[in-house]
Amino acid sequence: MLQEFGPIKLLEGQRNSHFPACRSLFIDDAEKVIIDPGADAETLRYVNNTNTISRVFNTHYHFDHIRGNGLFPQAHILMNEIEADCFQDRRNIPRRVGVQEVYGEKGIEEWLFYIQQKDPPQTPFSPSRNPLWFSASSRLGGTYKDGEVFTFGKVEMEVINSPGHSEGHCCLLFPKQRVVYTTDIDLTAWGPYYGGSDSDIDLFITSAHALCFLDVDYYITGHEVGVIAKSEFQRRVDEYLAIIDQRDVKILRALQEPLTIDDLTRLGITYGGSHYVANDPWVFMWEKMSLVQNLGRLLKRGAIGFLDGHFFAVNVD
Ligand SMILES: [Zn+2]
């Protein structure tokens, strides 16, 4: 265990909680609770074997934050009320992720087929066919909503809906310990993710800024960065959000020549190059859905135009 805030204990995921793992919280209080079981499976198993975990909270429905739900068969699995539909009908997962928008109903059927296989062939850079999707989305024990407060003993937890990354994405505030779990507003060097059908780039920015005003001393991110003090979080949020503008600049450069969205997607501007988007259908999907968000903003600003299926830059610095 990396660090503790009283009964709130951090559990690390593999590779410094890099996607497709995440940092989990273990609330070791009168009631024992797990938040986002994306930490190392051995660690989660150990915690479950040595404690009676009654509830598992998922901050949102993405793979890395729900993957370990099946390790807690006795616990109630709780999802935010907006995304609870993912556990009522798991087809809502590919709908929200972007599979339907990019690959249609056929993509959803394929996803359902692969995640139910024992050892399905995997795609190289994403957990698109990981069977853990199936076990993780097989139960819903309850929902929670924005502003709701839970008391586990000494620990109180307040839900803060922070949409943009996904529609229902929630950060979790622990006022008594003066710390907040920011989950996927994570300050990673790669930058913000808004590559789903239910993502919204403007809401992401608003949600990230809103976290800066919380009455806390520390922030716990869901990936990599870890625990940082308030002043450090405030400074790094600006650098993190500036990555969105850097993506705009690259898009504008590419659009000196008119391109279709699929041409632009194949460049892999957000996901590190053409190799990744060419070899993993989900990376192609994330790239395309991220572009939809950046292009929407650039169109609104008049920085690009759209004609005959092609985007083109209007003003390039
Ligand atoms: Zn996420």
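The values are calculated or read from the model by the stated rules, or taken from the named source; none is laboratory data. These numbers come from a predicted model, not from an experiment. As a convention, Cβ positions derive from the backbone with ideal geometry for all residues, glycine included, and neighbour counts pool all protein chains shown.
Matching residues to (1) touching an Asp or Glu at 6+ places or on another chain (Cβ under 7 Å); (2) more than 19 Å from T151 (Cα to Cα); (3) aliphatic (A, V, I, L, M); (4) not assigned by TED's automatic domain parsing to the domain that holds D186:
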| residue | (1), (2), (3), (4) |
| --- | --- |
| I8 | no, no, yes, no |
| L11 | no, yes, yes, no |
| P20 | yes, yes, no, no |
| R23 | yes, yes, no, no |
| F26 | no, no, no, no |
| P37 | no, yes, no, no |
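Of the strands (runs of 3 or more DSSP E) lying entirely inside region 212-308, those carrying at least 2 residues that are over 21 Å from the mean Cα position of the chain (by Cα) are 304-307. Evaluating Y194 against the criteria (1) in contact with a Ser or Thr (Cβ under 8 Å, 6 or more places away or on another chain); (2) within 15 Å of the ligand (Cβ to nearest atom); (3) part of a helix (DSSP H, G or I) leaves one unmet condition, (3). The test for being in contact with a Pro (Cβ under 6 Å, 6 or more places away or on another chain), within 16 Å of the ligand (Cβ to nearest atom) and either more than 20 Å from H18 (Cβ to Cβ) or assigned to a loop (DSSP other than H, G, I, E, B) (or both) holds for P127. For G296, the requirement of being at pLDDT 95 or above, among the small types (G, A, S), surrounded by fewer than 20 Cβ atoms within 10 Å (Cβ to Cβ) and under 17 Å from S128 (Cβ atoms) is not met.
Considering only region 229-252, I want to know if a residue exists there that is more than 22 Å from L295 (Cα to Cα), surrounded by 13 or more Cβ atoms within 10 Å (Cβ to Cβ) and touching a Ser or Thr at 6+ places or on another chain (Cβ under 7 Å). Among the residues of region 229-252, not one is more than 22 Å from L295 (Cα to Cα), surrounded by 13 or more Cβ atoms within 10 Å (Cβ to Cβ) and touching a Ser or Thr at 6+ places or on another chain (Cβ under 7 Å), which makes the answer no. Quick check: is even one residue across region 67-75 touching a Cys at 6+ places or on another chain (Cβ under 9 Å) and either buried (at least 20 other Cβ atoms within 10 Å of the Cβ) or outside the structural domain of K288 (by TED's automatic domain parsing) (or both)? Yes, there is a match, as at least one residue in region 67-75 is touching a Cys at 6+ places or on another chain (Cβ under 9 Å) and either buried (at least 20 other Cβ atoms within 10 Å of the Cβ) or outside the structural domain of K288 (by TED's automatic domain parsing) (or both). Under the condition of being more than 14 Å from the ligand (Cβ to nearest atom), touching a strand residue (DSSP E or B) at 6+ places or on another chain (Cβ under 8 Å) and of a type in the set (G, A, S), the residues counted in region 35-66 number 2. Residues of region 146-186 that are within 17 Å of F233 (Cβ to Cβ), in a loop (DSSP other than H, G, I, E, B) and away from the ligand (no atom under 14 Å from the Cβ): P175, Q177, R178. Pairing residues of region 184-211 that are farther than 14 Å from I244 by Cα and not assigned by TED's automatic domain parsing to the domain that holds T59 with residues that are buried (at least 18 other Cβ atoms within 10 Å of the Cβ) and of a type outside the set (G, A, S), at Cβ distances under 6 Å and at least 6 apart in sequence or on separate chains, gives no pairs at all. Residue under question is I82, and the condition is that it be buried (at least 22 other Cβ atoms within 10 Å of the Cβ) and either within 16 Å of the ligand (Cβ to nearest atom) or among the charged types (D, E, K, R) (or both); does it hold? For I82, the condition - buried (at least 22 other Cβ atoms within 10 Å of the Cβ) and either within 16 Å of the ligand (Cβ to nearest atom) or among the charged types (D, E, K, R) (or both) - is not met. The set of residues from region 169-191 being closer than 18 Å to Y61 by Cβ and either surrounded by fewer than 22 Cβ atoms within 10 Å (Cβ to Cβ) or out of contact with any His (no Cβ under 6 Å at 6 or more places or on another chain) (or both) comprises C170, C171, L172, Y181, T182, T183, I185.
Going through region 261-290 one residue at a time, which ones are of a type outside the set (A, V, I, L, M, F, W, C) and crowded, with 24+ Cβ neighbours inside 10 Å?
Those that are of a type outside the set (A, V, I, L, M, F, W, C) and crowded, with 24+ Cβ neighbours inside 10 Å: T265, T270, E287, S290.
Any residue that is of a type outside the set (D, E, K, R), surrounded by fewer than 20 Cβ atoms within 10 Å (Cβ to Cβ) and within 21 Å of the chain's Cα centre (by Cα) - is there at least one of those in region 27-41? Checked against the condition, which is being of a type outside the set (D, E, K, R), surrounded by fewer than 20 Cβ atoms within 10 Å (Cβ to Cβ) and within 21 Å of the chain's Cα centre (by Cα), region 27-41 yields at least one hit.
Table: residues versus (1) in contact (Cβ under 8 Å) with a residue 12 or more places away in the chain; (2) under 26 Å from E81 (Cβ atoms); (3) of a type in the set (K, R).
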position: G104; (1), (2), (3): no, no, no
position: E109; (1), (2), (3): no, no, no
position: Y114; (1), (2), (3): yes, no, no
position: Q122; (1), (2), (3): no, no, no
position: Y144; (1), (2), (3): yes, yes, no
position: V149; (1), (2), (3): no, yes, no
position: F152; (1), (2), (3): yes, yes, no
position: E158; (1), (2), (3): yes, yes, no
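Hey, among L298, L255, L264, which residue is in contact (Cβ under 8 Å) with a residue 24 or more places away in the chain and under 25 Å from F125 (Cβ atoms)? Step by step, each of L298, L255, L264 is checked, and only L264 is in contact (Cβ under 8 Å) with a residue 24 or more places away in the chain and under 25 Å from F125 (Cβ atoms).
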